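Trainee: My questions all concern the structure below.
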């Protein structure tokens with residue numbers, strides 16, 4: 001399953017926070033969006049399989 005849905009959820013939450021005078025929460029959600037994007041981005045040497053799961057070797061993997 002693809003992980004990109006989390007970007008949409010965080011973006012919706014950020015929009016809600018902005019629309020409801022929660023600027024600190026909106027800022028934190030902006031940071032969470034950046035972290036989520038970095039974490040779901042494929043690592044060098046990996047590729048997404050048909051179900052969206054990463055395949056291949058990760059840096060620091062044993063074997």
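The values are calculated or read from the model by the stated rules, or taken from the named source; none is laboratory data. From a predicted model like this one, the values you see are computed outputs, not experimental measurements. A quick note on method: Cβ atoms are made from the backbone with ideal geometry, for glycine too, and the neighbour counts reach across all protein chains shown.
Trainee: Sort through 54, 30 and tell me the only one that's surrounded by 14 or more Cβ atoms within 10 Å (Cβ to Cβ) and modelled with pLDDT under 90.
Mentor: Working: 30 fails: modelled with pLDDT under 90.
Just a single option satisfies the conditions, and that option is 54.
Trainee: How many residues are within 13 Å of residue 6 (Cα to Cα) and not in a helix (DSSP H, G or I) if we restrict to region 16-46?
Mentor: 1
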